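Colleague: One structure, as structure tokens, below. Some questions next.
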Amino acid sequence: MILLKNVSKSYKNGVKALRDINLEIDEGEFVYIIGPTGCGKSTLIKILDGEEIPDSGEVWVANTNVGKLRHSRVPIYRRNIGVVFQDFRLLPTMTVFENIAFALEVLALDKVTIRKRVREVLQLVSLEDKAKAFPRELSGGQQQRATIGRAIANHPKVLIADEPTGNLDPEMSKEIIALLEKINEVENTTILMVTHDSSLVNSYKKRTVALESGYIVSDLTKGGYHNYD
Ligand code: ADP
Ligand code: ADP
């Protein structure tokens, strides 16, 4: 589903954000990407969603050669990828239902199909009773669940969660991880969860790719990460 071959990326200021990254992630995998601030996590996400182009190497996501994508094809390519951020980014003037429906309206689906999928998604993220609520009326955990619902509404092949628990307490963080695991199982979505929280990664035994100064320093199937700082 995801293949990076010898990918390197430097910024104009000379910072080498990614160095010779080789990474293969199969369809339906759940992978943690971990490492300290500045190790290259955001750059990796930006390369996967077509926002940054690598200096060298190949990037394939869902059979698309992302590094060679024409600018005009990027929005269509991005339909393959759902992205969830730490700071939720729900539209404040829309209800939870409308926020999720909005992600489908841009695909020009008919109203009945949209409503059916929104109901399905609300059930999946356990927010059926909050369909008519506005984001400000929800707890942080509920807002993050709504954001995840919006990100998966159009059945993306890959879901990238960038520090999705960064603004949440440990209880809510567990809830969000449980939800991502459920989506991984029920929808078979390939999931990349980016985090710098080693205690969280160590309590869920999943494949964990660790970055440091732009290099992959470990890639362990059963998880596990030790911060040696
Ligand atoms: P480019 O390298 O593509 O010219 P810019 O340097 O203009 O990009 O920065 C693009 C974005 O990245 C801006 O939002 C900027 O705030 C952010 N940015 C710039 N430098 C850094 C840095 N050293 N670390 C993290 N983000 C940065
Ligand atoms: P992380 O997400 O792990 O904190 P980043 O990918 O944001 O790491 O950053 C990797 C390195 O690249 C850092 O040294 C950062 O300062 C630098 N960097 C990130 N974005 C930019 C940018 N737009 N311009 C210049 N340097 C950047």
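The values are calculated or read from the model by the stated rules, or taken from the named source; none is laboratory data. Please read all numbers here as calculations on a predicted model, not as lab measurements. Every residue, glycine as well, gets a Cβ built from its backbone with ideal geometry; the counts of neighbours run over all protein chains shown. Please note that ligands, DNA and RNA were not included when accessible areas were found on the heavy atoms of the full protein model with its side chains. Shrake-Rupley method; radii C 1.70, N 1.55, O 1.52, S 1.80 Å.
Colleague: Check every one of the strands (runs of 3 or more DSSP E) wholly within region 116-229 and list those with 2 or more residues that are within 19 Å of residue 80 (Cα to Cα).
Modeller: Qualifying strands (runs of 3 or more DSSP E): 158-162, 190-195.
Colleague: Same structure, new question: Report yes if residue 77 is over 27 Å from residue 178 (Cβ atoms), surrounded by fewer than 19 Cβ atoms within 10 Å (Cβ to Cβ) and within 16 Å of ligand 1 (Cβ to nearest atom), otherwise no.
Modeller: No.
Colleague: Scan region 55-69 and give yes if some residue there is assigned to a loop (DSSP other than H, G, I, E, B), within 16 Å of ligand 1 (Cβ to nearest atom), open to solvent by 20 Å² or more (accessible area, probe 1.4 Å) and at pLDDT 95 or above, otherwise no.
Modeller: yes
Colleague: Shifting gears a bit: For residue 123, state whether it is polar (S, T, N, Q) and surrounded by 23 or more Cβ atoms within 10 Å (Cβ to Cβ).
Modeller: Against the criterion (polar (S, T, N, Q) and surrounded by 23 or more Cβ atoms within 10 Å (Cβ to Cβ)), residue 123 does not qualify.
Colleague: What are the residues in region 182-208 that are touching an Asp or Glu at 6+ places or on another chain (Cβ under 7 Å), of a type outside the set (S, T, N, Q) and buried (at least 22 other Cβ atoms within 10 Å of the Cβ), if any?
Modeller: The one that is touching an Asp or Glu at 6+ places or on another chain (Cβ under 7 Å), of a type outside the set (S, T, N, Q) and buried (at least 22 other Cβ atoms within 10 Å of the Cβ): 194.
Colleague: Given the condition within 12 Å of ligand 2 (Cβ to nearest atom), open to solvent by 10 Å² or more (accessible area, probe 1.4 Å), in contact with a helix residue (DSSP H, G or I) (Cβ under 6 Å, 6 or more places away or on another chain) and touching a residue at least 12 places away in the same chain (Cβ under 8 Å), answer yes or no: does some residue in region 28-42 qualify?
Modeller: Scanning region 28-42 turns up no residue that is within 12 Å of ligand 2 (Cβ to nearest atom), open to solvent by 10 Å² or more (accessible area, probe 1.4 Å), in contact with a helix residue (DSSP H, G or I) (Cβ under 6 Å, 6 or more places away or on another chain) and touching a residue at least 12 places away in the same chain (Cβ under 8 Å).
Colleague: Which members of region 1-23 meet the condition of being more than 9 Å from ligand 2 (Cβ to nearest atom) and either part of a strand (DSSP E or B) or open to solvent by 60 Å² or more (accessible area, probe 1.4 Å) (or both)?
Modeller: Those that are more than 9 Å from ligand 2 (Cβ to nearest atom) and either part of a strand (DSSP E or B) or open to solvent by 60 Å² or more (accessible area, probe 1.4 Å) (or both): 2, 3, 4, 5, 6, 7, 8, 19, 20, 21, 22, 23.
Colleague: Follow-up. Considering region 88-113 alone, what residues qualify as being under 19 Å from the mean Cα position of the chain (by Cα) and open to solvent by 80 Å² or more (accessible area, probe 1.4 Å)?
Modeller: 89, 102
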